[in-house]
Every structure is written in structure tokens, then in C-alpha cells.
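The structure appears right after this line, and notes come after that.
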Amino acid sequence: MTALTKPVRVRYAPSPTGDFHVGGARTALFNYLFARHHGGNFILRIEDTDQKRYNPEAVNWLLNGLRYLGLDWDEGPEVGGEYGPYVQTERLSIYQHYCQQLLDNDLAYRCFATPEELDEMRRERKPKGLPTYDRRYRDYDPAKALERADSGESHVIRIKLPLEGNITVHDAIRGDITFQNEILEDVIIVKSDGIPTYHMANVIDDHLMEISHILRGDEWVSSMPLHIHLYNAFGWEPPTMAHLPVILNPTGKGKMSKRESRAPDGQILPVFVRTFEELGYLSDAMVNYMALVGWSYDDKTEIMDREELIERFSLDRVNASPASWNYEKLNYFNGVYMRALTPEALAKQIMPYVKEAGINADYDTLVKIAPFIQERLNVLSDAPQWVDFFFVDELPAYDLNMLVPKKMSLEDVPSILKTAHDILAQTEFNHDAIDAALRVGVKTLGIKAGQMFQPIRIAVCGKMVAPPLFNTLEILGKETTLKRLEQTLSRLEQN
Ligand code: GLU
């Protein structure tokens with residue numbers, strides 16, 4: 001890569017129109033990694049000039065999502081900065097000034113074409129592959145145009161682009177791309193309500209905020225010539241531009257969905273950052289996985305923590321070709337990060353999910369349980385179902401037939417539970433002692449170990465799938481264990 005001559009200042013510039021998609025999060029992440037790698041600044045700018053599509057919840061989704069991913073911004077909403085404001089609708093007077101400059105220099109013009117006229121142009125020109133607008137006000141007398149505008153006639157302002165020749169733009173990932181000026185449209189830069197369009201506001205802000213590199217989704221490649229013409233019109237030097245590869249769905253045959261759906265097995269296929277968070281993907285796993293969607297360090301290294309990603313990230317290794325989102329791979333990453341947590345860290349991570357499920361858990365007990373469920377959790381939201389029975393006074397009623405071990409019947413259960421109860425009442429409550437004691441019980445009863453353990457597990461956990469039995473009993477403690485065995489015995493008696 002060419003040496004950096006200016007301080008690195010990059011921005012993530014979302015439009016708050018909807019939920020925060022992982023496609024956007026990946027763009028934010030690459031900007032963040034690039035900024036941190038170069039010791040530069042990562043700026044967050046809210047591009048809300050499209051007020052029709054503005055969604056007031058979107059900014060919250062976005063800020064919360066960035067916080068969950070740990071992508072802290074150096075300048076932007078909430079944190080401020082020297083180049084603010086960072087919300088475009090708070091910058092309207094700035095844009096007005098620059099728009100006037102273009103009008104004064106005959107680089108932009110007012111256009112009074114009505115919606116009907118535009119429809120007609122579209123009908124006629126679209127089949128010929130021409131841009132909609134036929135530039136009919138391009139050479140209109142500016143003085144007359146100003147008069148009409150002053151009299152309150154509805155109009156927009158359009159950029160005056162060259163009519164012929166080519167423009168070659170440079171993308172740091174894709175190289176040079178040449179566009180014919182002829183096919184570019186004199187697009188609207190200020191709408192009839194006086195608010196600039198994305199293109200105009202984006203170029204002005206990137207310049208004024210001294211953005212050094214633009215890293216954004218590749219749907220903006222086709223806007224590059226227009227943006228470069230705008231920079232030229234203002235006499236500004238454009239930032240380096242790099243368009244990140246599109247994210248495909250797991251089949252690799254189409255863009256990643258904009259909406260969440262369900263896999264054939266009913267599992268939710270998240271696409272929004274807050275759903276990944278709700279399901280309980282670890283922030284570090286998400287960041288590590290997303291970094292590899294379109295970038296690689298080498299051909300083999302996959303697991304990299306934040307520091308390593310920051311140290312290793314470079315635009316040179318961002319791939320120009322599309323990358324597929326792979327849920328299995330993300331799950332694998334999540335598992336790796338989950339297993340690397342200490343019991344304390346895991347307990348901390350699962351606590352909000354457990355609380356959310358209405359379980360009255362305490363941290364110390366969760367720390368004790370953590371090592372025994374760690375291997376079994378795919379995502380943090382799996383935790384409540386593994387831990388709920390530790391924190392209830394009474395187990396919810398379960399089907400008594402679940403107590404019946406293989407090749408036995410319900411009548412065999414009371415004596416097993418009775419034996420277990422009496423033995424455990426005499427046992428010290430730690431894993432090894434419980435193990436040894438119950439094995440004596442197995443011998444006394446002359447049954448298989450599994451036949452003894454199953455009814456005990458159901459009696460104390462109320463479910464088939466639970467953490468390892470002896471650890472579970474140890475954590476539950478003698479009193480609770482004996483009480484649950486007694487309760488089961490009396491349910492059996494009343495049955
Ligand atoms: N507001 C644009 C978007 O949400 C930003 C594109 C850019 O980064 O220039 O896609």
C-alpha cells in the first residue's frame with residue numbers, strides 16, 4: 001500500500017432507515033480496525049438527509065449494536081468532536097453554503113421539471129439505456145431560474161456533469177475503474193425541500209471532516225464518478241476510496257438477506273446485530289468472524305483476538321470478490337471463544353440472559369455451574385434452559401414416566417430413589433463422595449449405573465438434559481437434593 005501522508009481519519013456513515021444489519025456492522029468493523037491499526041480516528045456520522053425513510057429507532061439500534069461489538073468511535077454522536085455536528089440534519093446551513101458556491105460558479109443549476117415531466121422522460125429514455133433526466137434545465141437562464149425560485153416555485157438543484165469524455169477513478173481494492181461521462185446523470189444535489197441528497201452531504205462532510213479513507217459497501221462503486229466530479233467541482237482532493245465486497249448468503253448465490261428468516265429446522269437465521277446479541281453470540285466471536293468476511297490475514301489463521309486483528313488488518317488483504325456469510329463457522333467461532341472464558345467471565349456473560357428468562361440466579365452459583373455447561377452452550381441464550389432448575393424452590397411438574405429407566409417400569413422407581421435418598425443423606429456432598437456412594441447403591445440394588453442415575457437426574461433437575469449429575473448434586477447441595485427426592489417419592493405415592 002502507498003505510504004500514508006495524512007493522519008488516518010475514517011468514518012462509518014450509516015443512514016438510520018432501518019435495523020442495523022451485519023453488512024453495515026462489517027463496514028463499521030473494517031473502518032474501526034483500519035483506524036486502530038494506523039493509530040487514526042474512527043468517526044461515526046449519521047446520514048439522515050432522507051427524512052422520508054428516517055426511522056427514529058434506527059439510531060438506537062445502531063449505537064447499541066456498535067457498543068455490543070465494542071467498536072467505540074472517537075468522534076460522533078454522544079462523544080462529540082472537533083468536526084461536529086456529526087448528524088447531517090444538524091449541518092444544513094453548511095451544505096447551503098457549498099451549494100450556493102456551485103450555483104455561483106455555474107457548476108450546478110436549478111431544475112423545475114415536474115414529476116409528470118420526469119415520468120415522461122423515464123418512459124422515453126429508460127428503454128434506450130439513458131439516465132432519466134434529459135438535462136432540460138441545464139442551459140436555462142440562471143437569472144430567470146432564480147426569479148422562479150424566489151417566487152416560491154418548487155425546484156431541485158442538479159450538478160452539471162461533463163457531457164463527454166471519460167473519468168477514471170481509483171479504488172484501493174479494485175484498482176482503476178473508468179466510466180463514460182455521457183451516461184452519468186446530472187443528479188439532484190439538493191431536493192425540493194432544500195435538504196441535500198446523500199451524495200452532496202457525504203462529499204462535503206468527508207472533506208470538512210478531513211476523512212482520509214472511505215471504506216464502504218460496494219453498492220457505492222457506481223457513485224464514485226459522481227463523487228469525484230463533486231470533489232473536482234469544489235476543487236477538493238478526494239479521500240482514498242475502497243469499496244468492500246458484498247456479503248452473500250450462505251449458499252453463495254445471492255446477497256445476504258435484508259430480513260431475518262428461519263432455517264428448515266426452525267432455527268432463526270439472524271441478520272441484524274441486535275438479534276445476534278439477543279441470541280448470545282459473544283462480541284469477540286462476532287468481531288473475529290466478521291473480520292474474516294472479506295478479509296484474511298493469511299491462508300490459515302482464523303482465531304484472532306481484537307489486538308491481533310488490529311495489528312494485522314490491512315486493505316491489501318481485503319478481497320474484491322464477494323464473501324459468503326457462514327452461520328456454522330460463526331457458531332464454531334462462538335464455541336471457541338465461549339470455551340476460552342473463565343467460569344467468572346462466563347457467569348457474567350450469561351447472567352443477563354438468565355435474568356431475562358425470569359430466573360432468579362446469583363452470580364456465585366452461576367460461577368460454580370459455568371464449567372459444566374460451558375461445552376454445551378452454542379450461544380449464551382442456551383444458558384437458561386441449562387441452569388433454571390438450580391434456582392427454583394419447587395420444580396415445575398414433569399411427566400413421571402420420565403423417571404423410568406431403560407428396561408424398567410414406574411414401579412421400580414421408588415425403591416431406587418429411596419435408596420439414593422438414604423445413601424445421599426449419609427454422604428458428604430462433593431463430587432467424588434457422591435460418585436462413590438451412588439455406585440455402592442447401584443451394587444446394592446443390582447442394577448446398571450444408568451438405571452440408577454436417570455431417575456435421580458429427573459427427580460432433581462426435572463429434565464433429561466442437564467449438566468453432569470454428581471456436579472449438579474454437589475452444587476444443589478444436600479438439603480435441596482434430598483428435598484427433591486422426597487417430593488418425587490411423594491408424587492409417586494399419590495400417583
Ligand atoms: N449513508 C450511506 C449508507 O448508509 C453511506 C455510504 C458511504 O459510506 O458513503 O450506505
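Bear in mind these aren't lab numbers, they're just calculated from the coordinates by the rules spelled out. Owing to the predicted nature of the structure, the values given are computational and were not obtained by experimental measurement. Cβ atoms come from the backbone with ideal geometry, glycine included; neighbour counts cover every protein chain shown.
Projecting each Cα onto the charge dipole of the range 335-422 (Lys/Arg +1, Asp/Glu -1 at the beta carbon, about the Cα centre), which of Gln374, Met402, Trp386 comes out farthest on the positive side? The residue sitting most towards the positive pole is Gln374. Only Cα sites of the range 1-67 enter the Debye sum here, all with the same form factor; the resulting log10 I(q)/I(0) across q = 0.19 1/Å is -0.74, listed in q order. Peptide packing: for 101-107, 329-335, the average count of neighbouring Cβ atoms within 10 Å per residue gives the ranking 329-335, 101-107, highest mean first. The amide H of Met241, built 1.01 Å from its N in the peptide plane, has Ala172, Ile214 as neighbours under 5 Å, considering only residues 5 or more places off or on other chains.
Could you work out the per residue convex hull volume over the alpha carbons of the range 193-312, in cubic angstrom?
That works out to 189 Å³ per residue.
Using R₀ = 25 Å, calculate the FRET efficiency as 1/(1 + (r/R₀)^6) where r is the Cβ-Cβ separation of Arg67 and Asp305; round to 0.05.
0.85
Distance between the modelled labels on Glu120 and Leu4, one decimal in nanometres: 5.4 nm (7 Å Cα→Cβ projection). Secondary-structure-derived ellipticity at 222 nm for the chain, considering helices only, amounts to -13500 deg cm²/dmol, per-run term -39500 (n - 2.57) for DSSP H runs with n ≥ 4.
Ranked for footprinting exposure by Cβ neighbours inside 10 Å, fewest first, Val22, Val465 give Val465, Val22.
With contacts taken as Cα pairs under 8 Å at a separation of at least 6 residues, the chain carries a relative contact order of 12 percent. Relative to the longest principal axis of the Cα atoms of the chain, the long axis of helix 431-445 lies at roughly 50 degrees. Going through the cross-link list Lys6/Lys300; Lys128/Lys255; Lys253/Lys329; Lys126/Lys255; Lys407/Lys483, which pairs have a Cα-Cα distance over 22 Å in this structure? Pairs exceeding 22 Å: Lys6/Lys300; Lys128/Lys255; Lys126/Lys255; Lys407/Lys483. Distance distribution note for the chain: the fraction of Cα pairs above 32 angstrom is 56%. By the count of other C-beta atoms within 10 Å, a proxy for reagent exposure, Phe34, Phe276, Phe179 are ordered fewest to most as Phe179, Phe34, Phe276. Going from the fewest other Cβ atoms within 10 Å to the most, the residues Ser223, Ser154 appear in the order Ser154, Ser223. For the chain, the longest principal axis of the Cα atoms and the long axis of helix 363-373 meet at an angle of about 90 degrees. Show me the trypsin sites (Lys or Arg not before Pro) within the range 438-477 that DSSP assigns to loop and that have at most 16 other Cβ atoms within 10 Å of their Cβ. Passing both the DSSP loop test and the Cβ count: Lys448, Lys463.
Legend: calculated FRET efficiency, Lys443 to Met402, from the Cβ-Cβ distance at R0 = 30 Å, rounded to 0.05, equals 0.75. With coordinates expressed along the principal axes, the C-alpha atoms belonging to the range 322-371 extend over 45, 23, 11 Å, beginning with the largest. The alpha carbon convex hull volume per residue for the range 49-148 rounds to 185 Å³.
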